[in-house]
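The values are calculated or read from the model by the stated rules, or taken from the named source; none is laboratory data. Bear in mind the structure is a predicted one, so any value in this text is a computation, not a measurement. Please note: Cβ atoms are built from the backbone with ideal geometry, for glycine as well, and neighbour counts cover all protein chains shown. Ligands, DNA and RNA are stripped out before the accessible areas are found, and what is left, the full protein with its side chains, is counted by its heavy atoms. Shrake-Rupley method; radii C 1.70, N 1.55, O 1.52, S 1.80 Å.
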Amino acid sequence: AAMVQKYQSPVRVYKHPFELIMAAYERRFPTCPLIPMFVASDTVNEYKSEDGAIHVIERRCKLDIDAPRLLKKIAGVDYVYFVQKNSLNRRDRTLHIEAHNETFSNRVIINEHCSYTVHPDNEDWTCFEQSASLDIKSFFGFESTVEKIAMKQYTSNIKKGKEIIEYYLKQLEEEGITFVPRWTPPVACKSESSSSHPRRPVSPAINIPESATKEGLSNKEILNTSSSPTEPTAGTPDDKLDADYIKRYLGDLTPMQESCLIRLRQWLQETHKGKIPKDEHILRFLRARDFNIDKAREILCQSLTWRKQHQVDYILDTWNPPQVLQDYYAGGWHHHDKDGRPLYVLRLGQMDTKGLVRALGEEALLRYVLSINEEGLRRCEENTKVFGRPISSWTCLVDLEGLNMRHLWRPGVKALLRIIEVVEANYPETLGRLLILRAPRVFPVLWTLVSPFIDDNTRKKFLIYAGNDYQGPGGLLDYIDKEIIPDFLGGECMCEVPEGGLVPKSLYRTAEELENEDIKLWTETIYQSASVFKGAPHEVLIQIVDASSVITWDFDVCKGDIVFNIFHSKRAPQPPKKDSLGAHSITSPGGNNVQLIDKVWQLGRDYSMVESPLICKEGESVQGSHVTRWPGFYILQWKFHSMPACATTNLPRVDDVLASLQVSSHKCKVMYYTEVIGSEDFRGSMTSLESSHSGFSQLSAATTSSSQSHSSSMISR
């Protein structure tokens, strides 16, 4: 099986003008002592435009790859040849580099694209970016070895690239060269310059293969014509990560880790318009899955859907914890530990978990824990600014003094496990260290109940002290400054955390009361859920009176792939019959599934399609709008997306038959919200979709990107 590895670098900024960087770069050829494996290079092809603005040079480079002797023997080669084509455009101040391997090109395909461009905000700085792909089709049974060697060589070269440019810049400076003038058009051909202008797009420097644009070089940078004064902002590295920013706010990442972060972020920008979590949060999900990009994407998408469904983004601003919690929940934030991590203190032993569950129910308790985690994310961000280094997790100090059999009350333990599960899934890698103090004898029992639910990465961060051991060597003082050790642990710092105590029985509520409250808490969402089955789409009717209204939608595909359609009909569909669900009622308890389009209606006669169908994959978030042209009835439809059978034969494939035997594979879930806006309101306020009820994630920074896509009836993805 072929293995394709991709790499995308952050933007590296050199605080030197483009022309000087080019002078340094040229010194790498024909050989470069700093790259011992780069043995030689010959020029194969060269082109220069008359005015000297364009210079394309193609070289064949000879590399001595550092591979085991045995492998070289099997492969029968000593050297590997690469072809490198450099297209320099002095007028636009860009250099595009494309390289691919010539040796073994039928077994291994390596493609690399690099670009040096002018920094969008400062024309005396230069940006460098590179992307690459490695596809190993076969290599004498040594595919994985070759992949490892290639990746190792590649990442060490990435690291070297910056040093090399800096080395030659220094060399230039020692020779007294600190300035290289910019290209200016030759004076003689003044009259010609106007006629040569339209020919520009043909110049070789601009013929970047399509793959390069896909690989993350935006057209903006390739055709950097800066025709309007606002253009530089369009290509600003706002939507790109810069290497210095990564180091300062996210930490020391290996090149491959950086690449995973950039690629996952790029994918989110394309599929989740306006709802992108902050970089440090994306990174937490990658760390939780050891930088396996597909696994991380899966858990991150589930978490984004969950956040949206339960309006988690608004917890800190809109949810006020009930008084019982404020009085009896013995936990709170307390300064920070020696590493600058926010410190959360929980006096679990003093807390009446049974009383809290009986008085509040599980949901309110869970909600409170979520608000604590949200506050934790906020504090990490703040401490990152204050301490000048990345801080992405917090430390939790749990004091078990007073723990007793009451804490082993089954429903309480069950609530705790459920809370741990939700937190693990949505706040991965946020617990930097857990200090468990004054653990009593019952603790091991509780621990054996809880520990299987905690993942290994997290468990390594636990430190458990019995009795007063925390005061001895290797104790609390190793982790927390003496000045902030709380009074109840024998320190001198007043700790504001409530003392807990028993919740009075008069505050207990009956199961029914709690039940009603629970439902209210979790359905306080403006999103509706619907189930979609094969042969049973879900349809929503919108009646339009004023011809030019705007129908807006915002939905997440939680499970399965679906096709989204919007139809118009002059006549009202019959209200759905209840028993139309008959067949599905078993598989969809409470699943919202309504069909409006009558079986006898014909497309084109009774109703028409007003937007082209949109296929939406599992995990995608879609927002869009449609400006209505006629009054009447509009039907939004979410339909099961079935894979076409083999094109060659019309026989179903074995997989399809097997899939159709599993009922579950025919159920999709969608969470949606729609609203009709008068066109003048819509035009007047592009923010209408980002208003309070839009459920857009506030984990993301300002969502400017999403608003532009709403002005037409495009579906933004």
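Just a few scattered comments:
- Answer from Ile97, Ile158, Ile136 - the residue that is touching a Cys at 6+ places or on another chain (Cβ under 8 Å), under 28 Å from Leu261 (Cβ atoms), open to solvent by less than 20 Å² (accessible area, probe 1.4 Å) and among the aliphatic types (A, V, I, L, M): Ile97
- Filtered residue count, the stretch 536-551, keeping only those that are surrounded by fewer than 19 Cβ atoms within 10 Å (Cβ to Cβ), part of a strand (DSSP E or B) and of a type in the set (S, T, N, Q): 1
- Set Leu661, Leu603: member being exposed (fewer than 12 other Cβ atoms within 10 Å of the Cβ), farther than 30 Å from Lys275 by Cα, aliphatic (A, V, I, L, M) and at pLDDT below 80: Leu661
A quick yes/no check of all residues on (1) buried (at least 16 other Cβ atoms within 10 Å of the Cβ); (2) modelled with pLDDT of 90 or more:
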{"position": "Leu20", "(1), (2)": "yes, yes"}
{"position": "Ala24", "(1), (2)": "yes, yes"}
{"position": "Phe38", "(1), (2)": "yes, no"}
{"position": "Glu50", "(1), (2)": "no, yes"}
{"position": "Ile74", "(1), (2)": "no, no"}
{"position": "Phe82", "(1), (2)": "yes, yes"}
{"position": "Arg90", "(1), (2)": "yes, yes"}
{"position": "Thr126", "(1), (2)": "yes, yes"}
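- Leading residue by the ranking (nearest to Ile372 (Cα to Cα)) among those in the stretch 413-433 that are open to solvent by 20 Å² or more (accessible area, probe 1.4 Å) and outside any helix (DSSP H, G or I): Leu431
- In the stretch 630-653, the residues that are small (Gly, Ala, Ser) and either modelled with pLDDT under 90 or in contact with a Gly (Cβ under 8 Å, 6 or more places away or on another chain) (or both): Ser642, Ala645, Ala647
- In this structure, Thr448 does not qualify as in contact (Cβ under 8 Å) with a residue 12 or more places away in the chain, in the same structural domain as Asp327 (by the TED database) and either out of contact with any His (no Cβ under 6 Å at 6 or more places or on another chain) or part of a helix (DSSP H, G or I) (or both).
- Of the residues making up the stretch 437-480, those that are of a type in the set (Ser, Thr, Tyr) and over 22 Å from Pro342 (Cβ atoms) are Thr448, Ser451.
- Candidates Arg406, Arg367: the one that is closer than 24 Å to Ala425 by Cα and touching a residue at least 40 places away in the same chain (Cβ under 8 Å) is Arg367.
- Residue match in the stretch 87-109 (condition: assigned to a loop (DSSP other than H, G, I, E, B) and touching a Lys or Arg at 6+ places or on another chain (Cβ under 6 Å)): yes
- Among the candidates Asp579, Asp561, Asp556, Asp518, residue that is at pLDDT below 70, within 37 Å of the chain's Cα centre (by Cα) and among the acidic types (Asp, Glu): Asp518
- Residue match in the stretch 363-371 (condition: surrounded by fewer than 17 Cβ atoms within 10 Å (Cβ to Cβ) and either at pLDDT below 90 or among the basic types (Lys, Arg) (or both)): no
- Candidate set from the stretch 392-417 (those that are polar (S, T, N, Q) and at pLDDT 90 or above); member that is farthest from the chain's Cα centre (by Cα): Thr395
- Flag for Lys482 being surrounded by fewer than 15 Cβ atoms within 10 Å (Cβ to Cβ), modelled with pLDDT of 90 or more and more than 16 Å from Leu365 (Cα to Cα): yes
- Pairs where the first residue, in the stretch 514-535, is more than 19 Å from Ile615 (Cβ to Cβ) and aliphatic (A, V, I, L, M) and the second is open to solvent by less than 40 Å² (accessible area, probe 1.4 Å) and modelled with pLDDT under 65, C-beta under 8 Å, 6+ apart: Ile526/Gly695
- Leu253 passes every criterion in (1) outside the structural domain of Glu382 (by the TED database); (2) more than 10 Å from the chain's Cα centre (by Cα); (3) in a helix (DSSP H, G or I) apart from (3).
- Within the stretch 165-175, the presence of a residue that is open to solvent by 20 Å² or more (accessible area, probe 1.4 Å) and within 26 Å of the chain's Cα centre (by Cα) is excluded.
- Arg287 vs. criteria open to solvent by 20 Å² or more (accessible area, probe 1.4 Å), under 30 Å from Lys6 (Cβ atoms), of a type in the set (Lys, Arg) and in contact with a Phe, Trp or Tyr (Cβ under 8 Å, 6 or more places away or on another chain): no
- Hits in the stretch 348-399 - residues which are in a helix (DSSP H, G or I) and among the hydroxyl-bearing types (Ser, Thr, Tyr): Thr353, Tyr368, Ser371, Thr384
- Residue within the stretch 142-149 that is surrounded by 16 or more Cβ atoms within 10 Å (Cβ to Cβ), among the charged types (D, E, K, R), within 28 Å of the chain's Cα centre (by Cα) and not in a strand (DSSP E or B) present: yes
- The set of residues in the stretch 299-344 being among the aliphatic types (A, V, I, L, M), part of a helix (DSSP H, G or I) and within 30 Å of the chain's Cα centre (by Cα) consists of Ile299, Leu300, Leu304, Val312, Ile315, Leu316.
- Of residues in the stretch 451-475 being modelled with pLDDT of 85 or more and in a helix (DSSP H, G or I), the one most open to solvent (accessible area, probe 1.4 Å): Gln471
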